[in-house]
Amino acid sequence: MKYADIIIDISHERLDKTFEYIVPDELEEQVTEGVQVVIPFGNGNRGITGYVVGLHDKPGYDVTKLKPIARVVRDSIAIENQLISLAAFLKRNYGSTMNQALKTVIPIKKKENEKLKKEISLAVSVEKATIELNELLTNKRHAIGKERLLKELLKVDVLDWELATKKLQIPSANIRDLESKGIVQIQSVRTFRNPHMNTLSGDKRIVLNDEQEAAAEQIKGDIDTGRHKTYLIHGVTGSGKTEVYMEVMEHVISMGKQIIVLIPEIALTYQTVMRFYTRFGDKVSILNSRMSPGERFDQFERAKSGEISIMVGPRSALFTPFNNLGLIIIDEEHEPSYKSEVVPRYHARETAIYRASLTNATVILGSATPSLEAYSRAIAGEYQLIKLNNRAQGQDMANCEIVDLRAELQSGNRSMLSRRLKELMADRLQKKQQIMLFLNRRGLMGFVSCRACGHVLKCPHCDVALHLHSGGVMKCHYCGFTTKAARVCPSCGSKYIGSFKAGTQRLEEIVKETFPGTRVLRMDADTTSGKNGHEEILSAFAAHEADVLIGTQMIVKGHDFANVTLVGIIAADISLNESDYHSGERTFQLLTQAVGRAGRGAEPGIAVIQTYQPENYAVVTSANQDYDSFYKQEYAYRKLLSYPPCSHILGIQVSSEKQQDAIAQADILVQVIKHADSKIIIMGPEDAYISKLKDVYRRVIYLKANDYDRLVNVKDAIDKFLLEQKEYRSTTTWFDFDPISTI
């Protein structure tokens, strides 16, 4: 007799524990770790679903009180043991129920209908088929379709039905007739949906320069000697990090191992995947949210069966069920999209490193603008730092000019385009060169600044920008500090003070008005809503079907357009003044990435940064492409205010449809926190950034500690309290460790 530990398929913290059940003899072969089962639960023995997370021969409880598993859920996907361990890691380190963690690591929740194709083959020997063909040919009025079919099957072993009926124009009646005579046979075989059918030859190699070669050889040498490390490749924009990845990937594949390549968002899928397809052919596949359920299911199956060796995709691709994983690559590792926005709020970087530890795999992080977390660990020796200081083809970095928008305002120019940017755009358009204009719309309804002097109103306690709210108030989304909205600038007395409001659609209109006849493409959430929206826009721009590409941050990450010689950053202040301690880092990253899009071809490039704060260190260092200077200044700021990576933060959100319950529960949790750790720093509770969403009220608490484990212990104490608490059971509590945005 076997016994199973089962997690119930209800994402509620009060049921976040295993329940023991008997495995009936008739189900013993079907019940394995990871399968989904139906079990009787509660006094009414209602059937609910759950996941088997453990099997053992001895019961942990009185057998007479245990119930048997009712049945195994058909068409469910088994979770491999490795992914179960990964789910436990997510639950422990990021805060969630085990069930939520298990659902996160299962890329595909259920089986989809298999895609079948028909194939035709001979049912008799070649000699007998030849006799049949000769008999046909002796009859002057024989069926031409039968003749074509037999001639083709004497050349090939198997013929695809679609090829036979469409390209060879063989009537299906002819095929069925030969089948009825026992000459041919028709079989239905499974075929996998491939979201990116490869039409390239594969194995296209690029000769590495000395820097790239040294980087690749260092990593390959460590792999060969059994040293599986985490590497951070810090390479300037255009330094050829992808070529280094591919050199190492080829080495890992030659060892019979598999690879996961994470990219920050779907906008990078087309160009990135095609580069890998060119080198590795059909060993490559992708996973992303825009694929159909059938396409995603088939990639899952291809990975499990070993048909593919490389999976490329965003964060969720990290859970690809490879059996012999040897390498995980995280490109543009600094991207915020690597942090999950739903529970469990895990970070792909830390999760990838943990998964690699389970299989002795290597991890490569790559970025021109590494996150402070990754770079500080590389400096400390936790990661191996590798630098690529030069562009791959020897091109010079783009020149960068900073335009002071305060001076533009004083001169009477109220346009989104500065005089210098207009001048450069006219020059490039005349030369038939391409232009990219970047406007980061993130946080538009946010910071309050003076257009005359550039002063930004900040929280006196947290050194982050105050956000303008309805009712004429400004508020800090960390500590809750609130004050009246300013009518004049407290720095210079100007009346030109308010929140910045602009968008890519308005910018597109201005460009067309300023430069009539200019071909403009716009790439943002509105223009890329279709399944292939990103690919269509990027392909059109690459084919020179447009002169100007306008977009949000999706246009400045990883794309390589040789004819782009001018990049304009319309308003650096939008990201610079987010109500978030990451604002300086995000601004530096975005501006550096944007500047790096210019001058990648034969012609030199130039970038223009428009800002009201031209002296800000994030703006100056990005214009100089000087990461080390930025890092030193930003790290000092983080250390002064105890922000990550110098410390750790735990965000706790309590929500309820009843406002008083949310307030009361948050207040109670503060007491639980103080009891668990009396010296931990507590900020709040306060209303969340969005205090009410879909009729649900939300309160937040922030904790600071130098030791991450202290925050985990507090999280565990809150979990234990919630399991035992009988009041406020309608409230929901979730955690966000080192949040990348206000919650």
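The values are calculated or read from the model by the stated rules, or taken from the named source; none is laboratory data. Predicted model only: the values in this text are computed from it and were never measured. Methodologically, a virtual Cβ is constructed for each residue, glycine included, from the backbone with ideal geometry; neighbour enumeration extends over all protein chains shown. Areas reflect the complete protein model, heavy atoms only, side chains present, ligands, DNA and RNA absent. Shrake-Rupley method; radii C 1.70, N 1.55, O 1.52, S 1.80 Å.
Arrange the peptides 608-615, 659-666 so that the one whose residues have, on average, the most other Cβ atoms within 10 Å appears first.
Listed from highest to lowest mean packing, they are 608-615, 659-666.
Quick one: which residues, 5 or more positions from I329 or on another chain, have an amide H under 5 Å from its amide H? H modelled 1.01 Å from N in the peptide plane, none for Pro or chain starts.
Under 5 Å from the amide H of I329 lie the amide H atoms of I260, V261, L262, I364, each far enough along the sequence or on another chain.
In straight Cα distance, which aspartates and glutamates are under 19 Å from K704, not counting same-chain residues fewer than 8 positions off?
In chain and number order, the partners are E373, D463, D580, E634, D667, D677, E686, D687, D716, D719, D736, D738.
Using a cut-off of 15 Å between beta-carbons, work out the net charge of the residues near N43 (Lys and Arg +1, Asp and Glu -1, N43 not included).
That works out to +3.
Give me Rg/Rg_expected for the chain, where Rg uses Cα atoms only and Rg_expected = 2.2 N^0.38 Å with N residues.
Taking the Cα Rg and dividing by 2.2 N^0.38 Å, one obtains 1.11.
Over 32 Å between Cα atoms: which of K339/K720; K103/K632; K458/K632 fall into that group?
Violating the 32 Å limit, Cα to Cα: K103/K632.
Could you order peptides 428-440, 637-649 by the average number of other Cβ atoms within 10 Å of their residues, highest first?
428-440, 637-649
Which percent of the accessible area of the chain is formed by carbon and sulfur heavy atoms (probe 1.4 angstrom)?
Whole-percent figure for carbon plus sulfur exposure: 47.
For K257, which lysines qualify as cross-link partners when the Cα separation must be under 22 Å and same-chain residues fewer than eight apart are set aside?
Within reach: K204, K220, K229, K241, K283, K304.
Got a sec to turn the phi values of segment 646-661 into Karplus ³J(HN,Hα) couplings, 6.51 cos²θ - 1.76 cosθ + 1.60 with θ = phi - 60°, whole Hz, x for Gly and Pro?
Per residue, the Karplus-derived 3J(HN,Hα) values read 6, 8, 10, 10, 10, x, 10, 10, 10, 9, 6, 6, 9, 4, 5, 5 Hz.
Say the cut-off is 18 Å between C-alpha atoms; which of K387/K639; K91/K639; K146/K166; K679/K715; K674/K715 go over it?
Violating the 18 Å Cα-Cα cut-off are K387/K639; K91/K639.
Step through the residues of segment 80-94 one at a time and calculate ³J(HN,Hα) from phi using the Karplus curve (6.51 cos²θ - 1.76 cosθ + 1.60, θ = phi - 60°), rounding each to whole Hz and writing x for Gly and Pro.
5, 4, 4, 6, 5, 4, 5, 5, 5, 4, 4, 4, 5, 9, 10
What does the charge count around M397 come to, taking other residues whose C-beta lies under 12 Å from its C-beta (Lys +1, Arg +1, Asp -1, Glu -1)?
Combined, the nearby Lys, Arg, Asp and Glu give +1.
Show me, for segment 560-565, the HN-Hα J-couplings you get by feeding each phi into the Karplus relation (A = 6.51, B = -1.76, C = 1.60, θ = phi - 60°), rounded to Hz, glycine and proline as x.
Using θ = phi - 60°, the values come out as 10, 10, 5, 8, 7, 10 Hz.
Local charge sum around L163 (other residues, Cβ-Cβ under 12 Å, Lys/Arg +1, Asp/Glu -1)?
Combined, the nearby Lys, Arg, Asp and Glu give +1.
What ranking do 302-308, 58-64 get when scored by the average of other Cβ atoms within 10 Å per residue, highest first?
Final packing ranking: 302-308, 58-64.
Enter the accessible area per residue of the chain (Å², integer; probe 1.4 Å; all protein chains in place).
43
So for the chain, taking the charge dipole from beta-carbon charges (+1 Lys/Arg, -1 Asp/Glu), which of V252, Q653, T97 sits furthest toward the positive end?
Positive-end residue among those listed: Q653.
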